[in-house]
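A quick write-up on the structure given underneath.
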Amino acid sequence: MKKDTIITIVLLNGAELIAKYVEEDFNTITVYKPRMVQAGPQGIGLLNGICMTAKEPNGNFQLPKHGVLFMAETVDELAAGWTKQTTGLDLPNKSIIS
């Protein structure tokens, strides 16, 4: 995985996180500003932090690899939502104007 890629991490319990990839070693994956994915009646939303009751990680956060099922690059729409939520920047749509 390339540094600064917005990724989705699926944990062994089925929870999903979206974060910016920083690095990994043998035991951990380090990400920046992870957000928990929450599905609701109006669609998918991102919760500040990694669970409902903990304080929001302010910067890098290490996840133990033994708790991660897999990680993959996040779809563009949700990656843009993560960027807007964590930086305040509203990225333009990547579609081609015709």
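The values are calculated or read from the model by the stated rules, or taken from the named source; none is laboratory data. From a predicted model like this one, the values you see are computed outputs, not experimental measurements. Positions of Cβ are backbone-derived with ideal geometry, glycine not excepted, and every protein chain shown enters the neighbour counts.
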Any residue at all in the range 43-52 that is buried (at least 20 other Cβ atoms within 10 Å of the Cβ), of a type outside the set (Ser, Thr, Tyr) and in contact with a helix residue (DSSP H, G or I) (Cβ under 7 Å, 6 or more places away or on another chain)?
-> no
If you take the residues in the range 76-90 that are β-branched (Val, Ile, Thr) and over 29 Å from Phe26 (Cβ atoms), which one is nearest to the chain's Cα centre (by Cα)?
-> Thr83
Modelled with pLDDT under 95 and among the acidic types (Asp, Glu): does that describe Asp90?
-> yes
Is it the case that the range 71-88 has a residue that's surrounded by 15 or more Cβ atoms within 10 Å (Cβ to Cβ) and in contact with a helix residue (DSSP H, G or I) (Cβ under 8 Å, 6 or more places away or on another chain)?
-> yes
Among Lys2, Lys33, Lys55, which is the only one that is at pLDDT 95 or above and surrounded by fewer than 12 Cβ atoms within 10 Å (Cβ to Cβ)?
-> Lys2
Condition check for Phe26: closer than 20 Å to Lys2 by Cβ, in contact with a strand residue (DSSP E or B) (Cβ under 6 Å, 6 or more places away or on another chain), modelled with pLDDT of 90 or more and not charged (D, E, K, R) | no
Give the residues of the range 6-19 that are in contact with a Ser or Thr (Cβ under 8 Å, 6 or more places away or on another chain) and surrounded by fewer than 20 Cβ atoms within 10 Å (Cβ to Cβ), sorted by residue number.
-> Thr8, Glu16
Condition broken by Asn27, with the remaining ones in (1) surrounded by 12 or more Cβ atoms within 10 Å (Cβ to Cβ); (2) touching a helix residue (DSSP H, G or I) at 6+ places or on another chain (Cβ under 7 Å) satisfied | (1)
Residue within the range 31-38 that is within 17 Å of Trp82 (Cα to Cα), hydroxyl-bearing (Ser, Thr, Tyr) and under 11 Å from the mean Cα position of the chain (by Cα) present | yes
Only one residue in Leu46, Leu17 is under 12 Å from the mean Cα position of the chain (by Cα), at pLDDT 95 or above and not β-branched (Val, Ile, Thr), so which one is that?
-> Leu17
